[in-house]
1. K32: which aspartates and glutamates have alpha carbons under 19 Å from its alpha carbon, excluding same-chain residues fewer than 8 sequence positions away?
2. Given R₀ = 22 Å, what would the calculated FRET efficiency be for F74 paired with V54, taking r from the Cβ atoms and rounding to 0.05?
3. If each of H25 and M1 carries a label point 7 Å out from its Cα toward its Cβ, how far apart are those two points in nm?
4. What residue among L63, L45, L75 shows peak mean-square fluctuation when the chain is described by a Gaussian network model with Cα springs under 10 Å?
5. Long-range amide H contacts for V47: which residues qualify at under 5 Å (H placed 1.01 Å from N, peptide plane, sequence gap of 5 or more or a different chain)?
6. Residue by residue, what Karplus-based ³J(HN,Hα) values in Hz, rounded to whole numbers, does the range 30-44 have, using 6.51, -1.76 and 1.60 with θ = phi - 60° and x for Gly and Pro?
7. Which aspartates and glutamates, on any chain, are close to K62 with Cα under 15 Å apart, when same-chain ones fewer than 8 places away are left out?
8. Taking the structure as given and computing semi-axes √(5λ) of the Cα gyration tensor in Å, which label from [x] 29, 16, 13; [y] 57, 18, 10; [z] 16, 15, 14 fits?
Amino acid sequence: MSEDVIGFNIYNPDDYNGSGVGFGHSFSSVLKPDEKGEYTLNYDLGVSEENSQVPLVPSKEKLDELKEYTFDAFLVVTIENQEIARFDLNKLKN
């Protein structure tokens, strides 16, 4: 869906090269047993004012379309390239 709305797959970091936009994340890198943590992903999808180096943010309609599919994904947790957990985000959304 992001390819249709943004023009590239926002989940593939290599696709951001040369796009002028980016992404980031924040999290607690180590959790103790039974400790809860928070993982935050953010995507920069464009700017609100004309800029020759960064595309304009998609229209509200396009963003709403992308938002509709936001939770159509799995979160896969790995340690040293070994999968230790998988979460269906559709089951977790409010």
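1. E80, E83
2. On the way: r = 30 Å, r/R0 = 1.36.
Between F74 and V54 the formula returns 0.15.
3. Using points 7 Å along Cα→Cβ, the separation is 2.0 nm.
4. L75
5. Those lying under 5 Å, H to H, from V47 are L56, V57.
6. With coefficients 6.51, -1.76 and 1.60, one gets 10, 10, 7, x, 6, 8, 9, x, 10, 10, 10, 10, 9, 10, 8 Hz.
7. Candidates past the 8-residue exclusion: E3, D4, D44.
8. [x]
The values are calculated or read from the model by the stated rules, or taken from the named source; none is laboratory data. This structure is a prediction, so every number in the text was calculated from the model and none was measured. Cβ sites come from the backbone with ideal geometry, for glycine too, and all protein chains shown count toward neighbours. Accessible surface areas use protein heavy atoms only, side chains included; no ligands, DNA or RNA. Shrake-Rupley method; radii C 1.70, N 1.55, O 1.52, S 1.80 Å.
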